[in-house]
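Below is one structure, written out as structure tokens; comments come after it.
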Amino acid sequence: MKFKKLEIYGFKSFADKLEVKFESGVTAIVGPNGCGKSNVADSIRWVMGEQSAKSLRGGSMQDVIFNGTEARKPQSFAEVSLYFDNTDKIFPFDYSEVVFSRKLYRSGESEYAINKNPVRLKDMVDALRDGGLGKESYCVIGQGKISALLSAKPEERRAVFEEAAGISKFKAKKIEAERKLERTRENLTRINDIVFELEKQLGPLAKQSENAKKFLELKEKLKSLELNIYVYQYDNASTSKADIRTKLEGI
């Protein structure tokens, strides 16, 4: 894997666009305290998907945006891009160069992109893990981390080695799969509760259905009987009318 270039704009102390090229061999960034050396490492962690403002030495995520000075106005957003040489197809893309970008606005909106194509945070983190990178993979080790690793307990050190070995992607997939299974179990439980409630209602509903059918049958029978009555009354009335007419003629 070859890390080609880092572009920073508006991130922490970098008000102007900064381009750091990584040539072959070892690249070192030196300077006095407070010149922004740690901000370079923070920018790499940030673009790899770091979501903890505390890990980036800030109170909130908006703290990574250049906040201005007496001579300069604050920036409205921060953007960092990582360039990788992908000629060996370390990342699952058909590009010889892969660029991971992250952008954050003061409004809190975030944008993630791979080769300038918008993606989700999860997509970018998965792609980085495919290449053995990520904020949990110990590809970026901060100050004091080495001494903490050396003084860690055996089980904690084992977890570190497992992460460094590149299995974080599979562990993350396992956790995600377990979460999906748990959500599925919860959904099944809710469905079973609904089915149970509906089964309880089936008895009364069946009785109501039978009553409704019986009502319709009786209604049809009533209609037929009423028609018969009307016909009988009509016929009877005609006979009575004829009798009365005969009597009137006789009188």
key: Peptides 88-96, 11-19 ordered by average Cβ neighbours within 10 Å, highest first   = 11-19, 88-96
ask   = Taking K and R as +1 and D and E as -1, what net charge do the other residues with C-beta under 11 Å from the C-beta of K17 add up to?
value = -4
message = My understanding is that a pair violates if its Cα-Cα distance is over 18 Å; which of K122/K171; K17/K122; K2/K171; K2/K54 do that in this structure?
response = K17/K122; K2/K171; K2/K54
request  = Calculate how steeply helix 154-164 sits against the longest principal axis of the alpha-carbon atoms of the chain, using the helix alpha-carbon long axis, and give the answer as 0 to 90 degrees to the nearest 10.
outcome  = 80 degrees
request  = Starting from the Cα of K214, draw a straight line to each of the lysines and keep only those under 22 Å, dropping any in the same chain fewer than 8 residues away.
outcome  = K223
query = Based only on Cα atoms, what Rg/Rh ratio does segment 1-116 have, Rh being taken as Kirkwood's radius?
reply = 0.98
remark   = Here the convex hull volume per residue of segment 169-209, taken over Cα atoms and given in Å³, is 39 Å³
key: Cα-derived Rg to Rh of segment 153-251, Kirkwood definition   = 1.82
request  = Would you mind telling me which residue in T189, T239, T87 has the biggest mean-square fluctuation in a Gaussian network model of the chain, where springs connect alpha carbons within a distance under 10 angstrom?
outcome  = T239
query = How far is helix 168-250 tilted off the main Cα axis of the chain, in degrees rounded to 10, range 0 to 90?
reply = 20 degrees
request  = At 1.4 Å probe size, with no ligands or nucleic acids counted, give the accessible surface of K241 in Å², nearest ten.
outcome  = 120 Å²
query = Mind ordering 76-83, 197-204 by average Cβ neighbours within 10 Å, highest first?
reply = 76-83, 197-204
query = With the radius of gyration and the Kirkwood radius both derived from the Cα set of the chain, what is their ratio Rg to Rh?
reply = 1.59
message = Quick check on my link table: of K37/K73; K37/K153; K5/K174, which ones sit more than 25 Å apart, alpha carbon to alpha carbon?
response = K37/K153; K5/K174
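The values are calculated or read from the model by the stated rules, or taken from the named source; none is laboratory data. What you are looking at is a predicted structure, and each value in this text was computed from that prediction instead of being measured. In this analysis, Cβ positions are derived from the backbone assuming ideal geometry, glycine residues included, and neighbour counts consider all displayed protein chains. The accessibility values were calculated without ligands, DNA or RNA, using every heavy atom of the protein model including side chains. Shrake-Rupley method; radii C 1.70, N 1.55, O 1.52, S 1.80 Å.
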